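Quick notes on the structure that follows.
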Amino acid sequence: MKQKRYFLSEQDIPSCWYNVMADMPVKPQPMLDPATREPVTVESLSVLFSEECARQELNMTERWIEIPQEVREKYTYYRSTPLVRAYGLEEALGTKARIYFKNESVSPIGSHKLNSALAQAYYCKAEGATNVTTETGAGQWGAALSYASKVFGLEAAVYQVKVSYEQKPYRRSVMQVFGAVVTPSPSMSTRAGKDILTRTPNHQGSLGTAISEAVELARMTPGCKYALGSVMNHVTLHQTVIGLEAEKQMEMAGDYPDIVIGCFGGGSNFGGISFPFMRHNFSGERNTRFIAAEPAACPKLTKGRFEYDFGDEAGYTPLLPMFTLGHDFQPSNIHAGGLRYHGAGTVVSQLMKDGWVEAVDIEQKESFEAGCLFAKAEGIIPAPESCHAIAATIREAMKCNETGEEKVILFNLSGHGLIDMTAYDQFLAGNVH
Ligand SMILES: *Cc1c(COP(=O)(O)O)cnc(C)c1O
């Protein structure tokens with residue numbers, strides 16, 4: 001069967017992002033300042049983040065937020081991304097379900113993360129910043145922000161968890177190719193890093209240490225802003241370009257999804273593909289199911305508790321009302337580094353609480369089996385994170401086979417796995433359980 005791909009012409013690339021908070025029947029509870037326990041404000045958030053991102057973070061009223069022309073122009077370098085009818089996967093599964101995927105792996109850095117990095121870098125530049133800083137684990141977010149910073153003429157400083165910096169050199173190289181300064185964390189370049197290294201000279205680093213260093217750099221450096229790649233509302237807002245495109249492309253295909261699936265780390269690609277479709281559930285026109293696929297090693301939605309918790313290990317971020325495993329939860333060292341996050345963000349958490357979202361957890365082995373099946377059938381090696389969405393899709397397609405239903409399933413392929421081949425090596429060698 002021929003693979004069928006749908007693209008949008010340039011003028012049909014969305015000109016606005018969709019702000020789901022405007023339509024949520026129950027709004028998320030406020031984020032609280034960790035020091036005062038008062039709700040955060042645009043002023044307090046914009047100490048660290050760009051002011052426009054701070055405004056977007058708290059905007060519960062405007063449904064459509066215009067994509068700046070400069071950002072939309074950069075989107076056209078790789079957007080629209082293809083919507084693909086996965087005939088090969090359907091055939092491999094022997095299913096009557098119609099399976100589609102949105103391929104975000106075609107971005108210059110190989111994942112959806114660039115959709116928000118471009119927006120955040122643009123706002124920083126437009127507001128007069130010269131530098132931007134962030135933390136990264138496996139390196140996908142760092143790579144996206146490094147490229148976006150180059151595009152808009154900012155200097156990027158990325159703190160990468162030391163163990164990843166040493167064990168996963170290729171994304172570090174990607175960041176360096178784009179001109180970012182990459183520092184393994186903990187480092188001697190910040191007070192926070194020095195304190196950690198004084199206490200624990202051999203510290204291997206964690207997202208917590210890297211966040212502490214990036215936040216300190218942003219606070220201490222004039223003209224330097226901080227950017228985050230997931231969890232926050234403004235990040236997911238930027239990712240809605242995925243679902244808005246997919247909605248138009250599904251229309252071209254003459255279908256509408258019964259089920260939408262995304263893998264779930266902090267929720268940005270899941271929200272990005274889901275929220276534009278969910279607005280038709282809110283209005284009562286549709287009854288689509290939305291399934292977040294999380295790793296069994298880090299199951300905040302299926303096994304976490306809904307409570308106020310920090311967004312980071314170090315306790316620097318606002319307190320967020322969300323499903324969480326606790327900010328000091330240490331997930332085992334699974335290959336899907338982008339899914340090793342303890343909390344679910346405020347919007348998805350509220351939607352989950354109110355029954356608009358479902359979640360499943362997937363064991364690592366099942367995710368790689370799904371990824372290899374998909375690769376053989378469709379010719380794309382998926383990121384270990386994306387494999388979780390594929391596994392959840394396969395589960396739903398197999399259910400259709402049992403019931404004889406012909407459901408339409410749409411999942412987001414959040415990234416490719418070509419820089420994650422050591423993970424596949426280990427799976428193929430039988431070392432992933
Ligand atoms: C970072 C990442 C994720 C997880 O982050 P979300 O914010 O939950 O989308 C998933 N897939 C890929 C390829 C990633 O880089």
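The values are calculated or read from the model by the stated rules, or taken from the named source; none is laboratory data. Since the structure is predicted, the reported quantities are computational estimates derived from the model, not experimental observations. Methodologically, a virtual Cβ is constructed for each residue, glycine included, from the backbone with ideal geometry; neighbour enumeration extends over all protein chains shown. Protein only, heavy atoms only, side chains kept; ligands, DNA and RNA dropped before computing areas. Shrake-Rupley method; radii C 1.70, N 1.55, O 1.52, S 1.80 Å.
Which value does Rg/Rh take for the range 158-213 over its C-alpha atoms, Rh per Kirkwood?
Radius of gyration over Kirkwood radius for the range 158-213 works out to 0.98.
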The distance between the Cα centres of the range 88-106 and the range 320-373, in whole Å, is 23
Using alpha carbon positions and the Kirkwood radius, the Rg to Rh ratio of the range 110-238 is 0.96
Under the 7 Å Cα-to-Cβ spin-label approximation, GLN176 and GLU358 lie apart by a distance in nanometres of 4.6
The relative contact order of the range 282-370, taking Cα pairs under 8 Å that sit 6 or more residues apart, comes to a percentage of 37
Taking the convex hull of the alpha-carbon atoms of the chain and averaging its shadow over every direction gives an area in square nanometres of 19.3
Here the gain from full extension of ASN281 to ASP23, 0.36 nm per residue of separation minus their alpha-carbon distance, amounts to 91.8 nm
Candidates GLY142, GLY128, GLY304; GNM for the chain (alpha-carbon contacts under 10 Å) flags as most fluctuating GLY128
GNM of the chain, Cα pairs under 10 angstrom: of ARG79, ARG286, ARG171, the biggest fluctuation goes to ARG286
The range 77-211 accessible area per residue, 1.4 Å probe, protein heavy atoms, integer Å², reads 36
Share of accessible surface on carbon and sulfur in the chain, whole %, 1.4 Å probe and ligands ignored, is 50
Regression test value, accessible area per residue of the range 303-433, probe 1.4 Å, units Å², expected 40
So, with points 7 Å from each Cα along the Cβ direction, the GLU70-MET421 label distance in nm works out to 3.8
Contour minus Cα-Cα span, MET60 to ARG5, at 0.36 nm per residue, comes to 16.3 nm
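Helix-only mean residue ellipticity at 222 nm, the chain, DSSP H runs n ≥ 4 weighted -39,500 (n - 2.57), per residue, nearest 500. What is it? Show your work: numbers first, answer last.
Details: 17 runs with 181 residues, N = 433.
Rounded to the nearest 500, it is -12500 deg cm²/dmol.
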Debye calc, one equal point scatterer per Cα of the range 236-290, no solvent, log10 I(q)/I(0) at q = 0.18, 0.19, 0.26 1/Å comes to -0.54, -0.60, -1.07
For the LEU197, THR221 Cβ pair and Förster radius 22 Å, calculated FRET efficiency rounded to 0.05 is 0.60
So ASP255 and HIS433, fully extended at 0.36 nm per residue minus their Cα-Cα distance, gain in nm 60.4 nm
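Mind pulling up the Rg/Rh value for the range 1-89? Radius of gyration and Kirkwood radius, both on Cα.
When Rh is taken as the Kirkwood radius, the ratio is 1.14.
Restricting things to Cα coordinates, could you compute the convex hull volume per residue of the range 117-170 in Å³?
So the per-residue Cα hull volume is 60 Å³.
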